[in-house]
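The values are calculated or read from the model by the stated rules, or taken from the named source; none is laboratory data. Quick caveat: nothing in here was measured; it's all calculated off a predicted structure. Don't worry about glycine lacking a Cβ; one is built from the backbone with ideal geometry, like all the others, and counts go over all protein chains shown.
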Amino acid sequence: MFRSALFKGTFSVLATRKGYSQDSWLSPTVLLLGFIPIFTFALGTWQMQRLQWKVSLIDELEEKLQREPILLPKRINVSVIPNFVYRRVLLRGRWDHAHTMLLGPRVREGSHGYHVITPLVRSDGSTVLVDRGFIAKDFAETYDRSEEAEVEVQGMLRTSHRRNSFTPDNRPVEGAWYWADIDAMAEYAGGEASGVQPVFIEQIFDGHASDVASNLSKGVPVGRTAMVDLRNSHLSYVITWYSLSALTAAMLGRLIVKRRNQKRIRPLPR
């Protein structure tokens, strides 16, 4: 600030001696407007890098999803599950209806309801958590829990869902589950002492679209389709930031030209 004032004062003295006056066009407004296009361009470039990363990640997960399903081993190393997310697996066992959890509320095709999370007790004695799918709210307490025969499940390995700042705390004692906290759910189902592993499987529904409405009307849980559902909004951010950069750069150029035309050196009145 001091250097700017000193420069302006010195230039004014020299200009006055030559019979001219000078008003600097380099104002705080120009400086601020000059910073904005640089900053927004940097943000656009960063979002472009994020876009490339997200596209590569989605391609990788889709490639995993296309592989043949594998049998889920008896003991799972939980630390490596993130490397197998969206990997299709096969497992057999019996439902532990006594420890069923309703995750929600959720919405599917305009219907309000819950996801049914039921522990699956396998023949080897180990237990994992299975998201059997969506049921309408009207069937939350009345859907069929009588199935005791061994079932075969095909699903995808998943990790805990992300919880946003608006999601309430789970209240297991009250049966209120708002987000999939796998560790807490496994503990609720009996924990390590009962052979329950913190492993979360989303059951895949491979039926026809007409079967979805039929199952929902009967209170039968409807699993998810086998697809990667990662949100990818980076392209819109790229367009937004680069557009702002171009717009503010154009505004800066017009402002500089205008100020230089208005404040160029003029002869002093005699």
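Restricting the range 60-91 to residues that are farther than 21 Å from residue 160 by Cβ and part of a helix (DSSP H, G or I), the residue that is farthest from the chain's Cα centre (by Cα) is 63.
Given the options 193, 209, 246, 213, name the one that is surrounded by fewer than 16 Cβ atoms within 10 Å (Cβ to Cβ), more than 30 Å from residue 153 (Cβ to Cβ) and either assigned by TED's automatic domain parsing to the domain that holds residue 92 or in contact (Cβ under 8 Å) with a residue 40 or more places away in the chain (or both).
Working: 193 fails: more than 30 Å from residue 153 (Cβ to Cβ); 209 fails: more than 30 Å from residue 153 (Cβ to Cβ); 213 fails: more than 30 Å from residue 153 (Cβ to Cβ).
It is 246.
From the residues in the range 236-270 that are among the charged types (D, E, K, R) and more than 30 Å from residue 48 (Cα to Cα), which one is modelled with the highest pLDDT? If we take residues in the range 236-270 being among the charged types (D, E, K, R) and more than 30 Å from residue 48 (Cα to Cα), then 258 is modelled with the highest pLDDT. The lone criterion from (1) more than 26 Å from residue 183 (Cβ to Cβ); (2) buried (at least 16 other Cβ atoms within 10 Å of the Cβ); (3) in contact with a Gly (Cβ under 7 Å, 6 or more places away or on another chain) left unmet by residue 142 is number (2).
Condition check ((1) over 26 Å from residue 197 (Cβ atoms); (2) in contact with a Leu (Cβ under 9 Å, 6 or more places away or on another chain)) across all residues:
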{"site": "106", "(1), (2)": "no, no"}
{"site": "112", "(1), (2)": "yes, no"}
{"site": "115", "(1), (2)": "no, yes"}
{"site": "123", "(1), (2)": "no, no"}
{"site": "129", "(1), (2)": "no, yes"}
{"site": "135", "(1), (2)": "no, yes"}
{"site": "138", "(1), (2)": "yes, no"}
{"site": "143", "(1), (2)": "no, no"}
{"site": "147", "(1), (2)": "no, no"}
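Criterion applied to 32, 51, 14 was being out of contact with any Lys or Arg (no Cβ under 9 Å at 6 or more places or on another chain) and at pLDDT below 65, and the one residue passing it is 14.
Taken over the range 164-178, the criterion of being free of Cβ contacts under 8 Å to residues at least 12 places away in the same chain and either in a helix (DSSP H, G or I) or outside the structural domain of residue 105 (by TED's automatic domain parsing) (or both) is satisfied by 173, 174.
Might you check whether a residue that is at negative phi, more than 21 Å from the chain's Cα centre (by Cα) and of a type in the set (S, T, N, Q) occurs anywhere in the range 159-174? Scanning the range 159-174 turns up no residue that is at negative phi, more than 21 Å from the chain's Cα centre (by Cα) and of a type in the set (S, T, N, Q).
Residue-wise test of (1) of a type in the set (Asp, Glu); (2) part of a loop (DSSP other than H, G, I, E, B).
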residue: 149; (1), (2): no, yes
residue: 157; (1), (2): no, no
residue: 162; (1), (2): no, yes
residue: 180; (1), (2): no, yes
residue: 187; (1), (2): yes, no
residue: 200; (1), (2): no, no
residue: 213; (1), (2): no, no
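When each of 212, 151 is tested for being aliphatic (A, V, I, L, M), more than 15 Å from residue 102 (Cβ to Cβ) and in contact with a Leu (Cβ under 9 Å, 6 or more places away or on another chain), the lone residue that passes is 151.
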